Amino acid sequence: MYLKDIAYEKIKKMIILEEITGPTVSEQELVKKLGMSRTPIREALQRLQNDDKFLEISPKRGIYIREITISEVRDLMDIRLAIELYSMNHISDLFTDEHLSILEEHVKYQEEMEKKWDIYEFLKSDLEYHEALLNVFGNEEFIKVLNNISDRLLRNGMKVFTREKERIRKSFEAHKLINNYLRDKNFEAAAKAMEEHIIMGKRMHLS
């Protein structure tokens with residue numbers, strides 16, 4: 001992995017975990033925190049601005065850590081609903097026991113993280129669970145879209161899901177229900193449960 005990629009991952013995680021609170025941060029501050037030169041940090045910052053929309057870089061204000069707006073969260077969750085529900089409605093001839101095994105491993109891990117109250121690892125696994133279902137359908141463009149928006153939802157989720165423990169439990173219980181339907185080959189019920197799950201998640205993200 002190149003230094004610019006390491007810098008990107010580290011800065012992104014610091015923003016998600018609010019280890020950098022902002023609203024502004026300087027290159028020099030990041031140089032000290034990461035122990036790197038300015039060049040890989042600048043490249044990482046450009047990526048965080050252009051790809052993830054975590055930052056705004058301007059000559060006057062410097063590096064500004066932008067907040068995710070309510071309308072942005074609403075739009076992102078609507079995108080998820082569209083691509084995930086479409087995929088769920090087209091996997092009946094593609095779904096295998098191997099796919100189910102992967103989904104069950106995610107739910108098992110989520111339950112462990114809920115007990116440890118590790119929200120970051122739980123939410124990462126939550127998004128990976130949904131990506132695993134998109135992988136069943138195999139639409140590469142859908143997968144790219146989810147990957148593109150997942151970090152913004154992870155960042156917002158860190159703020160939302162820490163407020164109530166019950167929110168985390170509801171999420172992995174919904175995953176367990178979906179898995180149960182998939183195990184029984186009841187794909188229509190699984191799709192309906194997924195729709196309800198994402199709509200519930202949208203309400204949580206907007207609360």
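Miscellaneous remarks
- If the condition is being over 23 Å from the mean Cα position of the chain (by Cα) and free of Cβ contacts under 8 Å to residues at least 12 places away in the same chain, then region 80-93 contributes only ASP93.
- Residue within region 145-154 that is surrounded by fewer than 19 Cβ atoms within 10 Å (Cβ to Cβ) and either outside any helix (DSSP H, G or I) or without any contact (Cβ under 8 Å) to a residue 40 or more places away in the chain (or both) present: yes
- Considering region 78-95, the residues that are in a loop (DSSP other than H, G, I, E, B) and hydrophobic (A, V, I, L, M, F, W, C) include one that is surrounded by the fewest Cβ atoms within 10 Å (Cβ to Cβ), namely LEU94.
- Lone qualifier among ASP51, ASP75 - being modelled with pLDDT of 95 or more, surrounded by fewer than 17 Cβ atoms within 10 Å (Cβ to Cβ) and not aromatic (Phe, Trp, Tyr): ASP75
A quick yes/no check of all residues on (1) modelled with pLDDT of 95 or more; (2) surrounded by 14 or more Cβ atoms within 10 Å (Cβ to Cβ); (3) more than 16 Å from the chain's Cα centre (by Cα); (4) basic (Lys, Arg):
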position: ASN135; (1), (2), (3), (4): yes, yes, no, no
position: PHE161; (1), (2), (3), (4): no, yes, no, no
position: GLU164; (1), (2), (3), (4): no, no, yes, no
position: ARG169; (1), (2), (3), (4): no, no, yes, yes
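- Search result, residues across region 65-109 that are among the basic types (Lys, Arg) and touching a Phe, Trp or Tyr at 6+ places or on another chain (Cβ under 9 Å): ARG66
- When restricted to residues that are in contact (Cβ under 8 Å) with a residue 40 or more places away in the chain and over 13 Å from HIS130 (Cα atoms), region 164-173 contains 3.
- Where a residue in region 174-201 is crowded, with 16+ Cβ neighbours inside 10 Å and its partner, wherever it lies, is outside any helix (DSSP H, G or I), with Cβ under 8 Å and at least six apart: LEU182/PHE95; PHE187/ASN89; PHE187/ILE91; PHE187/SER92; PHE187/PHE95; ALA191/ASN89
- Summed over region 54-63, residues that are over 11 Å from TYR8 (Cβ atoms) and crowded, with 16+ Cβ neighbours inside 10 Å total 2.
- Pairs with Cβ under 9 Å, 6+ apart, first in region 18-39 and loosely packed, with under 15 Cβ neighbours inside 10 Å, second aromatic (Phe, Trp, Tyr) and not in a loop (DSSP other than H, G, I, E, B): GLY22/TYR64; PRO23/TYR64; THR24/TYR64
- Pairs, first in contact (Cβ under 8 Å) with a residue 40 or more places away in the chain and under 21 Å from ARG163 (Cα atoms) in region 94-123, second of a type outside the set (Phe, Trp, Tyr) and in a loop (DSSP other than H, G, I, E, B), C-beta under 8 Å, six or more apart: ILE119/THR162; TYR120/LEU17
The values are calculated or read from the model by the stated rules, or taken from the named source; none is laboratory data. Here the structure is a predicted model, which is why all the values come from computation and not from measurement. Reconstructed Cβ throughout: ideal geometry from the backbone, glycine too, with neighbour counts over all protein chains shown.
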